[in-house]
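Beneath this line is the structure, given in structure tokens, with notes to follow.
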Amino acid sequence: MTKMIIVISLAPEYWTYDENIIQSVDPDSGKIIPSAQSYAFDHIFGKSVSTSNVYTKVVEPIVDQALHGFHGTIFCYGQTSSGILCRRLYR
């Protein structure tokens, strides 16, 4: 059985990341907000990552397992009107 994985694509002006941890950034100064909470993810993709790289790393293994009879779900969510989801999926 495969575990659930959580993946995120970031808007760089509000977040910074190091490996799989993201932290809030003050957009005016560019500095990490010390009181803000950090969050961990299985994969973090920056703005420069192509749709095909996201597909290969995240979606392709799930599709492959589904074609071999295993259940798989891919759930995509983005802020309304941000354009991020459309840019990632329909490029």
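The values are calculated or read from the model by the stated rules, or taken from the named source; none is laboratory data. Quantities reported herein were computed from a predicted structural model and do not represent experimental measurements. No Cβ is skipped: glycine too gets one built from the backbone with ideal geometry, and neighbour counts run over all protein chains shown.
Quick grid of which residues meet (1) of a type in the set (A, V, I, L, M); (2) surrounded by 10 or more Cβ atoms within 10 Å (Cβ to Cβ); (3) more than 25 Å from residue 4 (Cβ to Cβ):
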position	(1), (2), (3)
21	yes, yes, no
25	yes, yes, yes
28	no, no, yes
37	no, no, no
45	no, yes, no
50	no, yes, no
56	no, yes, no
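Return the residues of the stretch 12-57 that are hydrophobic (A, V, I, L, M, F, W, C) and outside any strand (DSSP E or B); say none if nothing qualifies.
Listed by number, the residues that qualify are 33, 36, 41, 49, 54.
Are any residues in the stretch 58-73 part of a loop (DSSP other than H, G, I, E, B) and surrounded by 13 or more Cβ atoms within 10 Å (Cβ to Cβ), and if so, which ones?
72
So, in the stretch 10-48, of the ones that are among the polar types (S, T, N, Q) and farther than 24 Å from residue 61 by Cα, which residue ends up modelled with the lowest pLDDT?
That would be 35.
Which numbered condition in (1) assigned to a loop (DSSP other than H, G, I, E, B); (2) under 11 Å from the mean Cα position of the chain (by Cα); (3) surrounded by 13 or more Cβ atoms within 10 Å (Cβ to Cβ); (4) modelled with pLDDT of 75 or more is the only one that residue 78 fails?
Result: residue 78 passes all but (4).
What do you reckon, is residue 7 closer than 23 Å to residue 62 by Cα, without any contact (Cβ under 8 Å) to a residue 60 or more places away in the chain and hydrophobic (A, V, I, L, M, F, W, C)?
Here the answer is yes, as residue 7 does meet what is asked.
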